[in-house]
1. What are the pairs with Cβ atoms under 9 angstrom where one residue, in the stretch 319-341, is closer than 22 Å to residue 192 by Cβ and at pLDDT 95 or above and the other, located anywhere, is of a type in the set (D, E, K, R) and open to solvent by 20 Å² or more (accessible area, probe 1.4 Å)? Sequence gap at least six, or different chains.
2. Can you tell me how many residues within the stretch 362-390 are closer than 22 Å to residue 206 by Cα and among the basic types (Lys, Arg)?
3. Being within 13 Å of ligand 1 (Cβ to nearest atom) and touching a Lys or Arg at 6+ places or on another chain (Cβ under 7 Å) is the filter; apply it to the stretch 37-76 and report the residue that is nearest to residue 139 (Cα to Cα).
4. Somewhere in the stretch 302-310, is a residue among the hydrophobic types (A, V, I, L, M, F, W, C), away from ligand 2 (no atom under 16 Å from the Cβ) and open to solvent by 40 Å² or more (accessible area, probe 1.4 Å)?
5. Read through the list (1) more than 15 Å from the chain's Cα centre (by Cα); (2) on the phi > 0 side of the Ramachandran plot, then give the number of the only condition that residue 97 fails.
6. Out of the residues in the stretch 52-102 that are of a type in the set (Gly, Ala, Ser) and in a helix (DSSP H, G or I), state the one that is nearest to ligand 2 (Cβ to nearest atom).
7. Out of (1) touching a helix residue (DSSP H, G or I) at 6+ places or on another chain (Cβ under 6 Å); (2) near ligand 1 (Cβ under 9 Å from one of its atoms); (3) more than 18 Å from residue 39 (Cα to Cα), what's the single condition that is false for residue 165?
8. Do we have any residue at all in the stretch 118-138 that's of a type in the set (Phe, Trp, Tyr), in contact with a strand residue (DSSP E or B) (Cβ under 9 Å, 6 or more places away or on another chain), closer than 25 Å to residue 200 by Cα and surrounded by 21 or more Cβ atoms within 10 Å (Cβ to Cβ)?
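The values are calculated or read from the model by the stated rules, or taken from the named source; none is laboratory data. Since the structure is predicted, the reported quantities are computational estimates derived from the model, not experimental observations. Positions of Cβ are backbone-derived with ideal geometry, glycine not excepted, and every protein chain shown enters the neighbour counts. SASA here: full protein model, heavy atoms, side chains in, ligands and nucleic acids out. Shrake-Rupley method; radii C 1.70, N 1.55, O 1.52, S 1.80 Å.
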Amino acid sequence: MDNFTFYSPTYFVFGRGTENEAGRYVKRFGGTKVLLHYGGGSVVRSGLLDRVKDSLDQEGIAHVELGGVKPNPRSGLVYEGIELCRKEKVDFILAVGGGSTIDSSKAIAVGVPYEGDFWDFFAGKAEVEEALPVASVLTIAAAGSEGSWGAVITNEDGMYKRPYNCEKMRPVFAIMNPELTMTLPPYQTASGCTDIMAHVFERYFTNTKDVEITDRLCEGILKTIIKELPKVLEDPNDYEARANIMWAGTLAHNDICGVGREQDWASHNLEHELSALYDCAHGAGLAVMFPAWMTYVMHHDIPRFAQFAVRVWGCEMDYDHPEETAREGIARTKAFFHSVGMPTSFAELGAREEDIPKLLETLQIEGRTEGFFMKLGPKECEEVYRLACR
Ligand code: NZQ
Ligand code: ZN
């Protein structure tokens, strides 16, 4: 196990009715004027936004609002949010929604006190020194942004997506009521769960040896999603299954599963170019990319892929031909994604093989590599995209 530090100080408020405590927690974390940031309207239709506003009013906390965050959140609305916060002297940002809304909120939070262009952070030209506090009322189990230090924004000037990580963006609290996820369309539920599994895969497939504790945490999360996702697709109002999925989403990405080991992240970065170009759901893009990546890198560490097959999918170990066991684990992963309604090829996602040069261009892979499990240069990334077409 590698040396590590782990500090993940988000305060989690989990369970039924917890959205009514939003005001109390904003006050506790020092907010006096709040930007309520939300997406395309699901939180308006469900009445959640009104309940959150009531809760702020009860605590005497002033608020302004900015809706309209699109999935794969855009830089344009971030600039608008920064201006609004400055004009209204906002000192706290409360995201009501999913990963896109939380990420847009994080970008606004680092942009408000910064004199330059907030994109400097995402372009690697500057580091954050100051940020407004951010928190969330989560409505979808997926990105894990409610407990993560990352944000992913699509730059509308070129339509490419970039991640940025910094401790100052980690939410100070997250309100998580599993009931709020019951209105999700099945496709979004499945896409969110795919993202959760992908966050575990990025950590599980590692070159670090003897990390049994985090291997087992990872396997537990994967097995939870495999068990609970079919249940909520059958009965969207299954509270216990929703609750298990929601907490799994946070644990998959607040890095408790990633400490002490090298992580990969090639599949995520290859996927980001897909969701930027085709505006598909991030999880759906991952359902296409991950089986392709696994197939490409499998031979780098057959025992690890065989372990995955046996422990996660219950495959029988073929001691004479371990690569067959490894292959079966990948096939089971792909079949599972299919069974929950996810695409598993470019065509099913609506992506086109002839766009691969464009994807490689926005990935800006020339002269560098992606991933750590196996370092992938331009040619290898192209191969993985090509495998994803099949
Ligand atoms: O916009 P509204 O109307 O709210 O609808 C949303 C949106 O259309 C809908 N939705 C959310 N909760 C709902 C609901 N509909 C009905 N009932 C509810 N309770 O679902 C759609 C997707 O929402 P979005 O916020 O985009 O989903 P998700 O949480 O999957 O976020 C995806 C974004 O997160 C980024 C992705 O790249 C993508 O841009 N990621 C962020 C990470 C991070 N910050 O740590 C890590 C991830 O790997 C990921 O890259
Ligand atoms: Zn993800």
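1. Qualifying pairs under 9 Å: 338/348.
2. Here the count works out to 3.
3. Filtering first and then ranking leaves 40.
4. The first filter runs over the stretch 302-310 and keeps only residues among the hydrophobic types (A, V, I, L, M, F, W, C), leaving 302, 305-306, 308-310.
Those left that are additionally away from ligand 2 (no atom under 16 Å from the Cβ): 302, 305-306, 308-310.
Then drop every residue that is not open to solvent by 40 Å² or more (accessible area, probe 1.4 Å), which leaves 310.
Scanning the stretch 302-310, I find at least one residue that is among the hydrophobic types (A, V, I, L, M, F, W, C), away from ligand 2 (no atom under 16 Å from the Cβ) and open to solvent by 40 Å² or more (accessible area, probe 1.4 Å), so the answer is yes.
5. The failed condition is (1).
6. 99
7. In the conditions (1) touching a helix residue (DSSP H, G or I) at 6+ places or on another chain (Cβ under 6 Å); (2) near ligand 1 (Cβ under 9 Å from one of its atoms); (3) more than 18 Å from residue 39 (Cα to Cα), residue 165 misses (1) alone.
8. Yes: one or more hits.
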